[in-house]
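What follows is a short report on a single structure.
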Amino acid sequence: MKIKICGLTSPKEAGYLNINKVDYAGMVLFFPKSKRNIDIKKAEAIRSKLDKSIKTVAVTVSPDEAQIQAIERSGFDLIQIHGSIPDELWEKIHIPVLKAFNVHDLDRLDTYKQNDRICGYLIDASEPGSGKTFDWSIIKNLDMNGRPFFLAGGLTPDNVADAVNELHPYAVDVSSGVEYTDRPGKDPSKIGRFVKNCK
């Protein structure tokens, strides 16, 4: 079971991921609407503190060519794309893509099945980043075309074991579920519990 902690906003949080030996670290870029949005410089500062074994994921919404190039120059391992991207832009991407869907646009998954730049899918709730879960039975029999899928959307230390047992995803993805409730940022004790309950 792979684990992705998403929405990192400070280098200190990288240490929490190192201690817990997670597999992926996600950082939101070029999306000011998100309270977890950071710039490339801060992302590089966070990445410099991560163990080399942790793959870094640039989380984007309908990125343009300049944003994709900035992400690749920065050295991210993967790009996670929410929303849409023009056909001609796919040719400009040179790192693996994690294509994100929410439960309302799963019917569009078929249109990406022949795209060899996509290394996996991320399935999220209807409001990504909201901390709300969704009816997992919706994706139980979804044809992923043999690609791995990341389960996101409202996961917490308290429900992640149930999610893993029910859906057997390749990876689980958490952001708000391991954050402090009274202030911004990731809570190291929640990350520890989340990882422990995954395993």
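Laid out as a table, the results:
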read-out	value
GNM flexibility winner over the chain from GLU72, GLU88, GLU13 (Cα, springs under 10 Å)	GLU88
Separation in nanometres of the label points that stand 7 Å from Cα toward Cβ, at ASP64 and SER84	1.7 nm
For q = 0.14, 0.18 Å⁻¹, Debye-computed log10 I/I(0) when each Cα of region 2-198 counts as one equal scatterer	-0.76, -1.30
Candidates PRO148, PRO32, PRO188, ranked by Gaussian network fluctuation over the chain, Cα under 10 Å, top entry	PRO32
Within the chain: Cβ-based charge dipole about Cα centre, in debye rounded to nearest 20 (Lys, Arg +1; Asp, Glu -1)	880 debye
In nm, spacing of pseudo-spin labels at GLU72 and TYR112 (7 Å Cα→C-beta vector)	1.8 nm
Fewest-first sequence of LYS12, LYS4 by Cβ atoms within 10 Å of each Cβ	LYS12, LYS4
Extension gain from CYS119 to ASN37, taking 0.36 nm per residue of separation minus the Cα-Cα distance	27.1 nm
The chain: most fluctuating residue of LEU106, LEU29, LEU151 per GNM, C-alpha cutoff 10 Å	LEU106
Förster-model FRET efficiency, 30 Å R0, ARG183 and SER48, C-beta, rounded to 0.05	0.75
Highest to lowest packing among 75-87, 168-180, scored as the average C-beta count within 10 Å	168-180, 75-87
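Each value in this text was obtained by applying a stated rule to the coordinates, not by laboratory testing. The structure presented is a predicted model; accordingly, all values stated were derived computationally and were not measured. Cβ: placed from backbone, ideal geometry, glycine included. Neighbour counts: every protein chain shown.
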